[in-house]
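Let me begin by handing over the structure; questions about it come next.
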Amino acid sequence: GTSSSSNGSSRDDETTRSDPAIDIVQFDSAVYYVEEEEEELAMDVVRLGEFKDTIQVSYYTEDASAKAGSRYEAVSGTLVFEPQVLSKTIRVPLISSDAWSTTLEFKVRLHDPRGCDLGRYLFVCRVKVIDNDCFPTNRFEEPIKQYGPGNLIANGVPAIDLIVEYCKFNYTLPGITDKTWATLTIDQLQNLYYLLTIDLLKYVADDVLGPSPGLPLLITSSKELTLLLVGTLLVVPYGILNLLEYWKSQMKTSEISIQFMQENMFRKFTNYSEASRGKIKESEMGLVMVQDVPDMVENGYMRLVQLLKYLGKLAVSSYFILTENPDAEVPLVVSASAIALFVTANYRKSLACNEAVARKQADIVEVVQETNQKYRLIADYYMRPQVQVVLEDRTSSLRSASVPAKGARVMNDYFPGWISTGLVAFYLFFGGSAVVENQLQIGAFLATINAVKDIGDSFKDIFTACLDVGKAIGPVARVTEILNLPTNLSEMKRVNRIRRRMTKEFRTPAKLAELRLRFGTRYGSDAVPILLQDVCFAYPDSDKNVIRNVNLSVQPGNLVAVVGNLRGGKSTFIKLLGNVLLPTGGFYFVPSFLRILHVSDVPTLLKGSLWKNLAIGRDYWQDVQFETDRIVRICRRIGLGSAIMNQLEVTAAAFLAGTDEERDTSWQEALSQSDRVLIHLARAFIYNPEVLVMNRPTLRLPEDTAKIVIQVIKEFVDQKGVELPKQELWKRRPRTAFVSFVRLGGVQAADIVLKVDAGCVSTVDGADVSSDLIR
């Protein structure tokens, strides 16, 4: 698992020789992107320092959602850097599969450095394995490309084909194949037991207790012992079947399938492109997760498995009847044909009724969610009556849609009963006549009546199962749409690889020496610039560039203020800098070993404990106690209220012990607006990215608190982080902050001021910035 590719050797140091500090090793990117078809991922471990000595570092892969042996091959080893060697490459083999899965991740960690130090953050990296297969299978790849994932059935793709392909996919999930066969086996054993039961009852009535036995007693000369043995033959298999059925209920077949789909759907959603995310309503996504996915599994896959059980029972019942009365073949065929015709005639109507109810339910959920999210606006503008009217209209629509659905259910329930009743009535007449004429024994007659009734019940079960499978078509179609909407991962992979390639080009020995001397930095890598090259951006479905041909070079370690008139493109530019949006033209280059964090102007808190909200970057922690104390210091520095600080300190021990209430949100109820903003901002300083992009961070803060935040931002840049040891300043990468300020004090504290005007970006003097440009 070790490769020794070198980036070359150098006579020049990357650092000043006057400092004896040891070299630093880290990955050249926090995240790597690879498509499973590529067979192998190459990731570079880079060395920062003087390159004088031989150093080494070990590494190993670590499972996350991607598992070794399934999505990639686990590797581990040791990288040895000879003197003047700048980088080494780790190669991880990938395992390709035609089976669909969302993007899965694993990690690679560096450890056990010898003669060097690990980078503070990039001693661990994440690898995203991109799966380009279509859900549920690649059979629909061309229709999805041609019509879009949400328009398959409307453009002629048979709904049953979608169900079948989903079931084939579900069958291949880990653990499901064996569980499916176990279920089918137990179900058919029950059908064989049913056949045994009616044969034994017929035997008892005709051959043990009847006047004209055709078969001998099982225990010669003893009817009592024969009856006891027959009872045993009924009880013992039943007990075994009971145990098998209980075991089947504990196999969690549907639960595993549901969990797999929900996890992958959520993973897909978190990797959506902005355009894809805009196509799915929050209410719809929630309903699909908790309603459509279970419906798809239970009514789709599991009901098809049950359908095989019902067909098996129909087969054994028919076998018994035809064995006893071959003339019953015609009525059985007629009954089956009637059921088939009824299913065909009512299938689409029943499906449409169910879909109409589902849509109306989603409409109600949408109103409730929007009211909850925007309650303050509704209350402030006295809109409660209007919202109530909207809800009542939608509940009324649901009521209207529910009535036809209920009527369809009643007819669907009763029609198979008519078939069953008709069959019993038919056999009562013809079979009863045969008994009267002594052509059929009473035991055979009664057993056949029971079998005929069971055939009717089987028809009903089969019919109901078919309707339930029909109910799965809508959920399968919606899930297919959601799981085939585009992500931004391929574009992120392209950007990541260009950044890594450009970073390598900057990190040649000659260029590193030139950068170090030119900018006076300890490491030449720290002087690799942030570049915007002919950057343009236009929103989807628009041919107008909001950002136009931006060309900039910013040296790391600067506080950059972004100003501009309203609707001039400032917010869009900030999102481009923060990687929220990707350029539609040109290229935005940030050295690949620098992490970018975008902090929006809307304070957002997670549902969970205070510590959960603040310690998001815990995966990077190497000294838990130090990082915990650092969180408390940053929160105090930024000006959080005494009540929040007290809670933070009181719950620190529980957090360190892993016993804090992660789902507790009660602490959020009494938060002031300022405290919400400050927690939102403190989280960014705790995370400590190398490139921090903030949109109007002081917008909702009073003047005195805003001044403190601006000071902390300035310290973040000057000290390469907040509340970090000064003696380790040399080890840290420079911090760059792009901030859209709403106060002149922030602009005046900046090293560089960028003005965005009608999509064009230029450098201006901070002294010339007026209040009109910071709104």
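The values are calculated or read from the model by the stated rules, or taken from the named source; none is laboratory data. For clarity, every value in this text was computed on a predicted model and none was experimentally measured. Glycine also receives a Cβ, built like all others from the backbone with ideal geometry; neighbour counts cover every protein chain displayed. The accessibility values were calculated without ligands, DNA or RNA, using every heavy atom of the protein model including side chains. Shrake-Rupley method; radii C 1.70, N 1.55, O 1.52, S 1.80 Å.
Asp178: accessible area at probe 1.4 Å, nearest 10 Å²?
Surface accessible to solvent at Asp178 totals approximately 120 Å².
Excluding ligands, DNA and RNA, what is the solvent-accessible area per residue of the chain at a probe of 1.4 Å, expressed in Å²?
Details: 36160 Å² over 775 residues.
That works out to 47 Å² per residue.
With just the Cα atoms defining each centre, how far is the range 192-243 from the range 497-546? Give it in Å.
Spelled out, the Cα-based centre of one part sits 86 Å from the other.
Let me have the relative contact order for the chain, percent, based on Cα pairs under 8 Å that are six or more residues apart. Intermediate values should be presented prior to the final figure.
Numbers: 1227 pairs, mean separation 101.5, N = 775.
Relative contact order comes out at 13 percent.
Same structure again: Checking the a/c ratio against 1.5 first, then a/b against b/c, what shape does the Cα gyration tensor give for the range 218-345?
Values: a/c = 6.04, a/b = 1.94, b/c = 3.11.
Since a/c reaches 1.5 but b/c is at least a/b, the shape of the range 218-345 is classed as oblate.
Against the longest principal axis of the chain, how steep is helix 176-203, in degrees 0 to 90 to the nearest 10, with axes from Cα atoms?
Helix 176-203 and the main axis of the chain meet at about 10 degrees.
Sticking with the crude label model, points 7 Å out along Cα→Cβ, report the distance from Asp765 to Asp413 in nm, one decimal please.
Calculated label separation equals 8.4 nm.
If each residue of separation counts as 0.36 nm, what is the full-extension length gain between Ala340 and Arg359 once their alpha-carbon separation is subtracted? Provide the component values of the computation, followed by the final result.
Working: separation 19, 0.36 × 19 = 6.84 nm, distance 2.84 nm.
In short, 4.0 nm is gained.
Stretch Lys453-Val368 to full length: gain in nm at 0.36 nm per residue minus the Cα-Cα span? Display every interim value, and only then the final one.
Working: separation 85, 0.36 × 85 = 30.60 nm, distance 4.79 nm.
Working it through step by step, the gained length comes to 25.8 nm.
Quantify, in whole percent, the carbon and sulfur part of the accessible surface of the chain (1.4 Å probe; protein heavy atoms only). The partial results should precede the final answer.
On the way: 19970 of 36160 Å².
C and S atoms contribute 55 percent here.
Moving on. Size of the chain along its principal axes in angstrom, Cα-based, largest extent first?
In descending order, the Cα extents are 116, 67, 54 Å.
Another question about this same structure. With both bridge residues required to lie in the chain, what share of the DSSP beta bridges run antiparallel, to the nearest 5%?
Details: 46 of 72 bridges.
The antiparallel fraction comes to roughly 65 percent.
Here's another thing I want to ask about it. From the backbone phi of the range 517-525, what are the Karplus-calculated ³J(HN,Hα) couplings (6.51 cos²θ - 1.76 cosθ + 1.60, θ = phi - 60°) in whole Hz, Gly and Pro given as x?
Residue by residue, the range 517-525 yields 5, 5, 10, x, 8, 5, 10, x, 4 Hz.
Let me ask another. Rounded to the nearest 0.05, what FRET efficiency is calculated for Arg497 and Leu241 with R0 set to 60 Å and r the Cβ-Cβ distance? Could the numbers behind the result be given before it?
Working: r = 59 Å, r/R0 = 0.98.
Result of the calculation: an efficiency of 0.55.
Where a ≥ b ≥ c are the square roots of the eigenvalues of the C-alpha gyration tensor, would you call the range 634-751 rounded, which needs a/c under 1.5, or, failing that, prolate if a/b is larger than b/c, or oblate? Numbers along the way, then the final one.
Working: a/c = 2.30, a/b = 1.31, b/c = 1.75.
Oblate is the answer for the range 634-751, as a/c is 1.5 or above yet b/c matches or exceeds a/b.
List the relative contact order of the range 634-768 as a percent without decimals, with contacts defined as Cα pairs under 8 Å and 6+ residues apart.
Details: 125 pairs, mean separation 31.4, N = 135.
With pairs under 8 Å counted, the relative contact order is 23 percent.
Sticking with this structure for a sec: Under 13 Å Cα-Cα from Lys279, which aspartates and glutamates qualify once same-chain neighbours fewer than 8 residues away are excluded?
The qualifying aspartates and glutamates are Glu481.
Using the basic label-point model (7 angstrom from Cα toward the beta carbon), what is the Asp757 to Gln386 distance in nanometres?
3.9
Something else about it: Output the peptides 755-767, 109-121, 473-485 sorted from most to least packed, where packing is the average of other Cβ atoms within 10 Å over each peptide's residues. Please report the intermediate quantities before stating the final value.
On the way: 755-767: 15.4, 109-121: 17.4, 473-485: 22.6.
Result, highest mean first: 473-485, 109-121, 755-767.
Would the range 483-572 count as rounded, prolate or oblate if I go by the C-alpha gyration tensor, calling it rounded below 1.5 in a/c and otherwise prolate when a/b exceeds b/c, oblate otherwise? Mind dumping the intermediate values first?
Details: a/c = 2.94, a/b = 1.50, b/c = 1.96.
Oblate is the answer for the range 483-572, as a/c is 1.5 or above yet b/c matches or exceeds a/b.
Measure off 7 Å from each Cα along the Cα-to-Cβ vector at Ala510 and Ala68, then give the distance between these two points in nanometres to one decimal.
Taking the two extended label points, one gets 4.2 nm.
How much FRET efficiency would the formula 1/(1 + (r/R0)^6) give for Leu308 and Met645, where r is the Cβ-Cβ distance and R0 is 51 Å, rounded to 0.05? Provide the component values of the computation, followed by the final result.
Values: r = 63 Å, r/R0 = 1.24.
Using R0 = 51 Å, I get an efficiency of 0.20.
Normalised by the residues of the range 608-680, what does the relative contact order come to in percent, with Cα pairs under 8 Å and at least six apart?
Numbers: 41 pairs, mean separation 37.4, N = 73.
Here the relative contact order equals 51 percent.
Given the pairs Lys406/Lys453; Lys248/Lys406; Lys511/Lys707, which are separated by over 30 angstrom at their Cα positions?
Numbers: Lys406/Lys453 26 Å; Lys248/Lys406 32 Å; Lys511/Lys707 40 Å.
Lys248/Lys406; Lys511/Lys707, as the Cα separations exceed 30 Å there.
How long is the gain from Lys248 to Lys714 if the chain were fully straight, where each residue apart is worth 0.36 nm and the alpha carbon distance is subtracted?
Working: separation 466, 0.36 × 466 = 167.76 nm, distance 6.30 nm.
Extra length available between Lys248 and Lys714 comes to 161.5 nm.
List the lysines whose Cα sits under 17 Å from the Cα of Lys88, skipping any in the same chain fewer than 8 residues away.
The qualifying lysines are Lys52, Lys504.
Obtain the radius of gyration and the Kirkwood radius of the range 43-160 from its C-alpha atoms and give Rg over Rh.
Numbers: Rg = 21.0 Å, Rh = 17.2 Å.
My calculation of the ratio gives 1.22.
What number, rounded to the nearest 500 deg cm²/dmol, is the helix-based mean residue ellipticity at 222 nm of the chain, given -39500 (n - 2.57) per DSSP H run of at least four residues and division by all its residues?
-16500 deg cm²/dmol
Given the pairs Lys179/Lys252; Lys281/Lys544; Lys107/Lys128; Lys268/Lys607; Lys570/Lys755; Lys128/Lys268, which are separated by over 18 angstrom at their Cα positions? Mind dumping the intermediate values first?
On the way: Lys179/Lys252 9 Å; Lys281/Lys544 26 Å; Lys107/Lys128 9 Å; Lys268/Lys607 21 Å; Lys570/Lys755 8 Å; Lys128/Lys268 12 Å.
Too far apart for the 18 Å limit: Lys281/Lys544; Lys268/Lys607.
With r as the distance between the Cβ atoms of Ile442 and Tyr60 and R0 = 51 Å, compute the FRET efficiency 1/(1 + (r/R0)^6) and round to 0.05. It would help to have the intermediate numbers written out before the result.
Details: r = 76 Å, r/R0 = 1.50.
According to the calculation, E is roughly 0.10.
Something else about it: Rounded to whole Å and sorted largest first, what semi-axes of the equivalent ellipsoid does the C-alpha gyration tensor of the range 430-507 yield via the square root of 5 times each eigenvalue? Walk me through the numbers on the way to the answer.
Values: eigenvalues 1034, 33, 6 Å².
Listed largest to smallest, the semi-axes of the range 430-507 are 72, 13, 5 Å.
Per residue of the range 624-640, in order, report the coupling 6.51 cos²θ - 1.76 cosθ + 1.60 (Karplus, θ = phi - 60°) as ³J(HN,Hα) in whole Hz, putting x for Gly and Pro.
4, 5, 4, 5, 5, 4, 5, 4, 4, 5, 5, 4, 5, 4, 7, x, 5
What is the helix-to-structure angle for 384-436, meaning the angle in degrees between its Cα long axis and the longest Cα principal axis of the chain, kept from 0 to 90 and rounded to the nearest 10?
30
Can you compute 3J(HN,Hα) from phi for each residue in the range 539-551, using the Karplus curve 6.51 cos²θ - 1.76 cosθ + 1.60 with θ = phi - 60°, rounded to whole Hz and x for Gly and Pro?
6, x, 6, 9, 9, 9, 6, 7, 10, 10, 6, 7, 10
If we count every other residue with Cβ under 13 angstrom of Thr763's Cβ, Lys/Arg +1 and Asp/Glu -1, where does the sum land? It would help to have the intermediate numbers written out before the result.
On the way: positive: Lys755; negative: Asp751, Asp757, Asp765, Asp768.
Once positives and negatives cancel, what remains is -3.
Among 364-375, 80-91, 729-740, how do they line up by average Cβ neighbours within 10 Å per residue, starting with the highest? Mind dumping the intermediate values first?
Numbers: 364-375: 14.7, 80-91: 18.5, 729-740: 21.8.
Result, highest mean first: 729-740, 80-91, 364-375.
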